[in-house]
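Below: the structure, in structure tokens.
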Amino acid sequence: MRQDADSKSAISIRHVTTSFRRPGGRGSVLALDDVSLEIAPNSFVSLVGPSGCGKTTLLRLLNGLIKPDAGQILVNDQAPSCGPHIGLVFQSIRLMPWRSIKANVYFPLELRNVPRAECERLADHYLGMMGISKFADSYPHELSGGMQQRAALARALISQPSILLMDEPFAALDAQTREFMQIEVMKIRHMLKGVVVFVTHSVDEAILLSDQIVMLSPRPGKIAELLDVNLPHPRWDHDIRSTNEFLNLRHRLWEGIRTMVLNDPQSDFYQRDKVLQD
């Protein structure tokens with residue numbers, strides 16, 4: 001990852017509102033409502049909040065896959081657009097099963113007609129960074145879920161993006177593998193420069209990885225709270241989770257999310273409690 005010329009904000013989101021049409025002409029759903037956020041260069045920002053609050057929608061706006069109904073988004077002072085400057089890592093790993101791990105990793109360069117020798121050189125570098133060089137000639141089905149996600153991360157990094165968007169990348173992994181992947185992301189972030197915007201349902205994961213946490217409200221998503229995470233770096237060598245600072249942040253985030261969910265008329269939990277009270 002690399003950061004382009006310094007500016008006040010790497011990402012600027014100004015009064016953004018976005019809605020989706022329901023299938024069959026059944027009206028529309030307001031996904032995000034008047035969201036404004038400034039993301040600083042070289043920062044790691046996590047988006048948390050109840051299911052359906054617009055976290056993934058916000059990522060899709062940042063990479064230009066969808067356009068807002070109102071408001072403005074600037075990524076490095078330009079309108080968002082797909083390209084090598086933005087890397088994407090998804091929950092579903094999306095490796096091509098007919099290509100080797102190395103060929104999957106250098107595929108973005110191949111699309112840009114980068115010479116094969118350079119493709120392979122860079123693929124080797126990022127596979128080494130992710131600790132899976134010896135699996136370069138293997139196929140995705142021969143690797144564990146954690147190794148596949150490391151390959152997906154290497155693929156996202158090979159274009160040296162200035163912005164890395166990660167949509168619940170570790171949600172499908174077992175708890176142990178997830179913790180190892182969190183350490184990998186922290187180490188990569190320590191080595192490389194750039195902005196990471198990370199969607200997660202895990203409060204602990206958000207605190208561990210982030211410089212700032214954005215809590216979104218239930219749909220339509222609005223910014224309910226911004227929390228700065230001032231825990232020291234690097235975090236993988238310290239038992240950060242047992243510190244008072246970590247525990248206080250965790251309590252504050254959980255209380256905020258729990259209160260929003262239990263007081264949201266659209267929530268299943270709200271409806272259940274209403275039935276029980278009746």
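The values are calculated or read from the model by the stated rules, or taken from the named source; none is laboratory data. This is a predicted model, so every value here is computed, not measured. Cβ atoms come from the backbone with ideal geometry, glycine included; neighbour counts cover every protein chain shown. Areas reflect the complete protein model, heavy atoms only, side chains present, ligands, DNA and RNA absent. Shrake-Rupley method; radii C 1.70, N 1.55, O 1.52, S 1.80 Å.
Quick notes on this structure:
- Among residues of region 194-210 that are open to solvent by 10 Å² or more (accessible area, probe 1.4 Å), those with a Cβ under 8 angstrom from a residue that is in a strand (DSSP E or B), sequence gap 6+ or separate chain, pair up as 201/48.
- Yes/no for residue 152 being under 20 Å from the mean Cα position of the chain (by Cα), under 30 Å from residue 232 (Cα atoms) and surrounded by 15 or more Cβ atoms within 10 Å (Cβ to Cβ): yes
- Selection within region 42-78: residues that are among the β-branched types (Val, Ile, Thr) and touching a helix residue (DSSP H, G or I) at 6+ places or on another chain (Cβ under 8 Å). The member of this set that is surrounded by the most Cβ atoms within 10 Å (Cβ to Cβ) is 48.
- Test result for residue 231, at pLDDT 90 or above, more than 30 Å from residue 148 (Cβ to Cβ) and open to solvent by less than 20 Å² (accessible area, probe 1.4 Å): no
- Total residues in region 24-41 satisfying the condition of being surrounded by fewer than 17 Cβ atoms within 10 Å (Cβ to Cβ) and over 17 Å from residue 219 (Cβ atoms): the figure is 5.
- Test: residue in region 158-167 that is part of a loop (DSSP other than H, G, I, E, B), of a type in the set (A, V, I, L, M) and open to solvent by less than 20 Å² (accessible area, probe 1.4 Å): yes
- Exactly one residue out of 73, 93, 86, 101 is over 30 Å from residue 262 (Cβ atoms) and at pLDDT below 90: that is 93.
- Neighbours by Cβ (under 8 Å, 6+ apart or cross-chain): first from region 158-175, farther than 14 Å from residue 200 by Cα; second at pLDDT 90 or above and hydroxyl-bearing (Ser, Thr, Tyr): 158/106; 158/126
- Only residues that are open to solvent by 30 Å² or more (accessible area, probe 1.4 Å) and in contact with a strand residue (DSSP E or B) (Cβ under 8 Å, 6 or more places away or on another chain) were counted in region 82-94, giving 4.
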